[in-house]
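The values are calculated or read from the model by the stated rules, or taken from the named source; none is laboratory data. Note that the coordinates shown come from a computational prediction; the quantities given were computed from them, not determined experimentally. No Cβ is skipped: glycine too gets one built from the backbone with ideal geometry, and neighbour counts run over all protein chains shown.
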Amino acid sequence: MKQKVSPAIVVLLIWYAALNAQPFESLAPTPPMGWNSWNKFGCNVSEILIKEMADAMVKSGMRDAGYNYIVIDDCWQVGRDSAGNIIADPERFPSGMKALADYVHSKGLKFGLYSCAGSSTCQGRPGSRGYQFQDARQYAAWGVDYLKYDWCNEEGQNAKAAYKTMHDALQACGRPVVFSICEWGENKPWEWANGIGHLWRTTADIRDCFDCQINWGGLGVLQILDKQAGLEKFAGPGHWNDPDMLEIGNGGQTITEYRTHFSLWCMLAAPLMAGNDLRTMDDSIRDLLTNPEVIAVNQDTLGFQGFKFIDNGDLEVWVKALSGSEAAFCFLNRTSQVVDLNFNWKKMGIYHFSIAKNGFNLWKNNYRVRDLWRHKQIGTTKENLKTKLAGHGAILVRLSAIDF
């Protein structure tokens with residue numbers, strides 16, 4: 001005979017699950033790393049594609065490099081059933097989302113989905129407005145670990161209130177879910193989203209170009225970079241500014257530009273969400289995306305977002321404090337022409353430059369200078385840093401103290 005479970009017991013079990021769930025603030029101690037379907041595939045998503053991407057993430061070495069989220073963006077959903085439950089496209093996802101999440105998890109990866117704060121998504125699929133708690137329970141039942149939550153068709157909602165509602169729903173579902181706020185920076189989420197989401201978009205969508213702006217909202221790498229200056233004080237462990245996903249490997253930029261793109265996103269402590277076809281990427285793209293020394297700058301536990309230290313127009317210097325009283329410097333050539341770099345470290349020390357929180361001081365100490373793309377020491381701060389910067393190129397170095 002089937003035994004009925006009392007409502008009180010159900011409430012107690014939900015309360016117990018929530019009590020023992022991983023605390024919200026501890027879910028993203030460093031910027032999330034993974035892969036998202038949108039930049040390469042748009043609406044052309046399927047169960048087969050996602051399984052192949054999970055396989056490729058493992059085979060390519062990306063999982064071992066730190067990438068662990070496989071996220072399906074818009075167009076996986078087609079409607080709701082008579083009870084209001086969200087329905088995945090039965091033709092493209094015939095085994096269902098629970099089985100697909102189980103497959104992703106079996107590869108040692110985590111599973112993510114997309115939804116929207118509006119009543120419909122950017123591609124006209126069912127959004128979560130009015131169904132936030134019901135959708136969160138469904139995601140938990142499927143095994144979702146990451147939710148990207150968009151801002152199309154928002155119908156005049158207050159952004160903070162709308163994202164707080166979904167935050168509360170995820171908290172109540174009893175499963176730890178990283179919450180990615182995607183409202184394009186329109187309502188300055190860096191001022192209110194800490195404690196609501198783990199990351200928040202700061203700009204319009206990225207495009208696969210280094211220096212461009214599309215009339216209807218797309219931005220190139222440099223245009224997005226410019227909008228990050230001054231936001232560093234809002235980022236830190238568990239709460240990250242998000243300058244959008246990576247375009248590396250999608251064919252619109254040179255390998256030099258892609259290397260600069262990755263260097264800058266690592267300096268910004270940005271979430272690293274690849275958006276290329278992992279199955280077919282060549283060795284140069286794989287090696288770029290999995291460079292352990294560059295990724296270490298992004299994933300540094302201090303959680304400091306890099307800031308623009310020097311702006312000489314065509315040449316910029318960005319600095320990021322690192323744990324262990326170290327720092328990363330990124331020298332950026334914004335032009336398409338080769339630039340001769342001759343950087344006097346000690347001259348910068350005249351300004352008593354130091355980075356709070358970690359004791360780094362360029363004036364008081366001498367530092368070894370390590371080129372993180374060439375994997376070699378290239379001198380110390382006792383002598384000038386001299387090199388040629390390719391057009392749209394960057395050099396990324398790490399400074400570690402020789403003496404104190």
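Computed quantities for the displayed model
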quantity	calculated
Qualifying residues in the stretch 120-172 (those that are among the β-branched types (V, I, T) and in contact with a strand residue (DSSP E or B) (Cβ under 9 Å, 6 or more places away or on another chain)) - the one surrounded by the fewest Cβ atoms within 10 Å (Cβ to Cβ)	T121
Close pairs (8 angstrom Cβ cut-off, 6 or more residues apart or separate chains): more than 15 Å from M53 (Cβ to Cβ) in the stretch 65-79, small (G, A, S) and surrounded by 24 or more Cβ atoms within 10 Å (Cβ to Cβ) anywhere	Q77/S115
Scope the stretch 263-272; condition crowded, with 24+ Cβ neighbours inside 10 Å and in a helix (DSSP H, G or I); matching residues	S263, W265, C266, M267
Given (1) farther than 24 Å from Q228 by Cβ; (2) at pLDDT 95 or above; (3) small (G, A, S), number of the condition S336 does not satisfy	(1)
Residue match in the stretch 213-230 (condition: at pLDDT 95 or above, in the same structural domain as K148 (by TED's automatic domain parsing), under 27 Å from M62 (Cα atoms) and surrounded by fewer than 19 Cβ atoms within 10 Å (Cβ to Cβ))	no
Top-ranked residue in the stretch 31-73 [being out of contact with any Phe, Trp or Tyr (no Cβ under 9 Å at 6 or more places or on another chain) and under 20 Å from H239 (Cα atoms); ranked as surrounded by the fewest Cβ atoms within 10 Å (Cβ to Cβ)]	G66
Search result, residues across the stretch 221-243 that are part of a loop (DSSP other than H, G, I, E, B) and in contact with a Lys or Arg (Cβ under 6 Å, 6 or more places away or on another chain)	A229
Close pairs from the stretch 52-63: first β-branched (V, I, T), partner not in a helix (DSSP H, G or I), Cβ under 6 Å, at least 6 apart	V58/K107
Hey, F93 at pLDDT 95 or above, buried (at least 16 other Cβ atoms within 10 Å of the Cβ), within 19 Å of S115 (Cβ to Cβ) and in contact with an Asp or Glu (Cβ under 6 Å, 6 or more places away or on another chain) or not	yes
